[in-house]
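**Student:** Got a structure here, written out as structure tokens. Questions coming.
The values are calculated or read from the model by the stated rules, or taken from the named source; none is laboratory data. Given the structure is predicted, the values throughout are model-derived calculations rather than measurements. Counting neighbours? That spans all protein chains shown, and the Cβs are built from the backbone with ideal geometry, glycine included. SASA here: full protein model, heavy atoms, side chains in, ligands and nucleic acids out. Shrake-Rupley method; radii C 1.70, N 1.55, O 1.52, S 1.80 Å.
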Amino acid sequence: MLQIKEIRKQYRTGDLVQQALDGVSLGFRESEFVAILGSSGSGKTTLLNIIGGLDRYDSGDLIIDGVSTKQYKDRDWDAYRNHSIGFVFQSYNLITHQSVLANVELALTLSGVSRARRKERATEMLRKVGLGDQLHKKPNQLSGGQMQRVAIARALANDPNILLADEPTGALDTATGIQVMELLKEVAADRLVIMVTHNPELAQQYATRIVRLQDGRLISDSNPFSGEEGEQP
Ligand code: ADP
Ligand code: MG
């Protein structure tokens, strides 16, 4: 179970202080598809990065399986990111001079898996996202939707409990965006998926829960979870 409590985060640039998050509390189920909506600058990316351990909160707490992260050291955050979290970005963040297969294999190099097993696992993940016949292409030989599917395969290669996606369909046309949403919905069947999106229609259609942010605060949550209603196994 993942929980954030009264998270606050400021960014300072010169004299300007920006309150990116202003006391956000949320509990997440082990398996659900959460969409985070809000206008540009409302704090969506900051929230996702804090949940994923890419950025640090100033105050409040992020509680992972009942344990506070207040005392976390860098290597605790590293372990959390490497083992529990998969990240998908709007711009795919693939390595352009490496093959599709190598891009996914790279996600496994930190996990102490043998080379043969890495290749096997990466191939399996790419088959799952429908790219089993594109393994040896370079990313620039793929469509945007295919690149995003590679990124999803890479994010899932380590079998993380949590997949975080920041505007994963932001650069895609509608039809391709729908394919990616279908895939994320499948992924959310047995893990937590938290997706930031600008698109309320896609959120409405695919997510099981919609959370809205405005000016760094939570303004609505369609299906809140306190963490006390008893987690389904
Ligand atoms: P969103 O993803 O909803 O567009 P962000 O979380 O990226 O919003 O940003 C929230 C606020 O924090 C914005 O006002 C933004 O300008 C500011 N901000 C985000 N990241 C930084 C940063 N690294 N340095 C300074 N200000 C930032
Ligand atoms: Mg953003």
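**Student:** Classify the stretch 25-70 from the C-alpha gyration tensor, please: rounded if a/c falls under 1.5, else prolate or oblate depending on whether a/b exceeds b/c. Don't skip to the answer; put the middle values down first.
**Tutor:** Values: a/c = 2.28, a/b = 1.22, b/c = 1.87.
The shape class here is oblate.
**Student:** For the chain, rounded, prolate or oblate, judged on the Cα gyration tensor with a ≥ b ≥ c (square roots of eigenvalues), a/c < 1.5 rounded, else prolate if a/b > b/c? Provide the component values of the computation, followed by the final result.
**Tutor:** Values: a/c = 1.61, a/b = 1.43, b/c = 1.12.
It is prolate, given that a/c is not under 1.5 and a/b is the larger ratio.
**Student:** Moving on to the next point. Taking a threshold of 30 Å on the Cα-Cα distance, which of the pairs LYS44/LYS73; LYS119/LYS185; LYS73/LYS185; LYS138/LYS185; LYS73/LYS119; LYS5/LYS119 fall above it?
**Tutor:** Numbers: LYS44/LYS73 25 Å; LYS119/LYS185 26 Å; LYS73/LYS185 33 Å; LYS138/LYS185 26 Å; LYS73/LYS119 32 Å; LYS5/LYS119 40 Å.
The answer is LYS73/LYS185; LYS73/LYS119; LYS5/LYS119.
**Student:** In vacuo Debye scattering of the stretch 96-229, one point per C-alpha: log10 I(q)/I(0) at q = 0.19, 0.20 Å⁻¹?
**Tutor:** The Debye formula, applied to the Cα set alone, gives -1.09, -1.17.
**Student:** Still on this structure, please answer the following. Report the Cα centroid-to-centroid distance between the stretch 12-39 and the stretch 123-185 in angstrom, as an integer.
**Tutor:** 25 Å
**Student:** Of the candidates ARG212, ARG118, ARG75, which one comes out as most mobile in a Gaussian network treatment of the chain with C-alpha springs shorter than 10 Å?
**Tutor:** Looking only at ARG212, ARG118, ARG75, the largest GNM fluctuation is found for ARG75.
**Student:** Let me know the charge dipole size of the stretch 40-168 about its Cα centre in debye, to the nearest 20, where only the beta-carbon of Lys, Arg (+1) and Asp, Glu (-1) is charged.
**Tutor:** Taking the Cα centre of the stretch 40-168 as origin, the dipole is about 540 debye.
**Student:** Could you calculate the contour length gain from ASN93 to ASP74, that is, 0.36 nm times the residue separation minus the distance between their Cα atoms, to one decimal place in nm?
**Tutor:** Difference between extended and current length: 4.5 nm.
**Student:** Pick from ILE85, ILE162, ILE63: which residue has the top mean-square fluctuation in a GNM of the chain where Cα pairs under 10 Å get a spring?
**Tutor:** Per the Cα network of the chain with a 10 Å cutoff, ILE63 tops the list.
**Student:** Report the gain in length on full extension from ASP65 to MET1: 0.36 nm times residue separation, minus Cα-Cα distance, nm rounded to one decimal.
**Tutor:** Residue separation times 0.36 nm, minus the Cα-Cα distance, leaves 22.6 nm.
**Student:** Same structure again: I'd like the carbon and sulfur percentage of the solvent accessible area for the chain, probe radius 1.4 Å, heavy atoms only, ligands and nucleic acids excluded.
**Tutor:** Taking all protein chains in place, the chain shows 45 percent carbon and sulfur surface.
**Student:** Just grab the label-to-label distance for HIS136 and ARG56, each label 7 Å out from Cα along the Cβ direction, in nm (one decimal).
**Tutor:** That separation, rounded to one decimal, is 4.7 nm.
**Student:** Extension gain SER25-SER40, at 0.36 nm per residue separation less the Cα-Cα distance, in nm? Write down the numbers at each step before the final one.
**Tutor:** On the way: separation 15, 0.36 × 15 = 5.40 nm, distance 2.01 nm.
Gain on stretching SER25 to SER40: 3.4 nm.
**Student:** Leaving out ligands and nucleic acids, note down the accessible area per residue over the chain with a 1.4 angstrom probe, in whole Å². Write out the running numbers ahead of the final one.
**Tutor:** Details: 11570 Å² over 233 residues.
I get 50 Å² per residue for the chain.
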